[in-house]
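The values are calculated or read from the model by the stated rules, or taken from the named source; none is laboratory data. All values reported here derive from a predicted model rather than from experimental measurement. Quick reminder, even Gly has a Cβ in these numbers, built from the backbone with ideal geometry, and neighbours come from all protein chains shown. Keep in mind that these areas ignore ligands, DNA and RNA; they rest on the heavy atoms of the full protein, side chains included. Shrake-Rupley method; radii C 1.70, N 1.55, O 1.52, S 1.80 Å.
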Amino acid sequence: MARRSIPLLRQLWTLPSFNLTPTRSVTYMPRPGDGAPRAVTLIPGDGIGPLVTGAVEQVMEAMHAPLYFERYEVHGDMERVPEEVIQSIKKNKVCLKGGLATPMGGGVSSLNVQLRRELDLYASLVNCFNLPGLPTRHQDVDIVVIRENTEGEYSGLEHEVVPGVVESLKLITKFCSERIAKYAFEYAYLNNRKKVTAVHKANIMKLADGLFLESCREVSTKYPGIKYNEIIVDNCCMQLVSKPEQFDVMVTPNLYGNLVANTAAGIAGGTGFMPGGNVGADHAVFEQGASAGNVGNVNLVEQKKANPVALLLSSAMMLRHLQFPSFADRLETAVERVISDGKYRTKDLGGTSTTQEVIDAVIAALD
């Protein structure tokens, strides 16, 4: 979702000398059969999940998007993701997912983490950016947080040594560090991004985060056209809230990425419109980029006022992943029109609209 050129183009378009009207759209040449409808596994999830995934279904139907959903009921209090769900994602290669609530404490492990490991979705990507028409404290924010998704503190290696003493292990490997670094630099290269910043705590965790940094440095030498720098995670958080526009692509170990992505989302306007996805070599799962605890917000569910924008933009990422770029462009443009117009906004964006009112407005704004 490269957006860096959009503000400049808008300024140029308003100049008197820049009044050229394109006579032909620029598109790509599809391969025969590219328009065949694609199956997508759908997991509505918990809390606001059914509301926002239902919103996506309505918009896809209104656009006549070339895909259809295979729906499965999965909830965060289950012991495991059902095997038929895993097989569906392996068959379809793509999944759209609402949030899955993770119980605090106890013996139930996170189904989100289970999915990432089972499908080897090693890269999480969250795009945090300013939307036109939505006032925020900081402007020119356009940050992509790429987070290692399969190890680190999320490895689940915990045990009680003696009563009252728990040991939790952080696992960092050369293999996983190298492949997330390669993904971050490849993303920057393919999306005309100029800088990759590695986030770490190697001043304290000298071996674990040191290995992560070593891997990032090695990969950076293969991309001389992309600036590479490093920042300690605590300084990173301070810099994010003071000068977020300095960051471009950020690559992080697992836990830091979760914190950084949610912080960046809050700076850019809130978690309600930050798209994201998890990708591996063979499969991709798209979901709201940053949740920050709103999955189980009872008031939003009861009032039906959950913000659907984040999952709509995530589904636009999914459409582009499926090689349906014109549908992705139409959806993103419609969402931006609704936000810019300001008439239909949910409570988190300063409005009073319901989820359905926002969806109706987006459908009406579709080209």
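Listing for the model above:
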{"item": "Segments classed as strands (runs of 3 or more DSSP E), wholly inside segment 141-183, with at least 1 members that are crowded, with 19+ Cβ neighbours inside 10 Å", "result": "142-148"}
{"item": "Qualifying residue in segment 252-262 (condition: closer than 28 Å to Thr333 by Cβ and free of Cβ contacts under 8 Å to residues at least 40 places away in the same chain)", "result": "yes"}
{"item": "All strands (runs of 3 or more DSSP E) inside segment 192-280 with 2 or more residues being at pLDDT 95 or above and surrounded by 24 or more Cβ atoms within 10 Å (Cβ to Cβ)", "result": "195-200, 249-252"}
{"item": "Residue check for Leu331: over 16 Å from Phe273 (Cα atoms), in the same structural domain as Ile43 (by the TED database), at pLDDT 95 or above and open to solvent by less than 20 Å² (accessible area, probe 1.4 Å)", "result": "no"}
{"item": "Leading residue by the ranking (least open to solvent (accessible area, probe 1.4 Å)) among those in segment 43-82 that are of a type in the set (Asp, Glu) and modelled with pLDDT under 95", "result": "Asp46"}
{"item": "Residues located in segment 1-42, provided they are at pLDDT 65 or above and either part of a helix (DSSP H, G or I) or open to solvent by less than 30 Å² (accessible area, probe 1.4 Å) (or both)", "result": "Ala39, Val40, Thr41, Leu42"}
{"item": "Subset of segment 334-356 that is buried (at least 18 other Cβ atoms within 10 Å of the Cβ) and free of Cβ contacts under 8 Å to residues at least 24 places away in the same chain - its residue that is farthest from the chain's Cα centre (by Cα)", "result": "Tyr344"}
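So that you can scan it fast, the table gives a plain yes or no per residue for (1) closer than 20 Å to Met318 by Cα; (2) charged (D, E, K, R); (3) not assigned by the TED database to the domain that holds Val309:
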position: Asp77; (1), (2), (3): no, yes, no
position: Ser88; (1), (2), (3): yes, no, no
position: Lys91; (1), (2), (3): yes, yes, no
position: Cys95; (1), (2), (3): yes, no, no
position: Thr102; (1), (2), (3): no, no, no
position: Leu119; (1), (2), (3): yes, no, no
position: Arg147; (1), (2), (3): yes, yes, yes
position: Glu151; (1), (2), (3): no, yes, yes
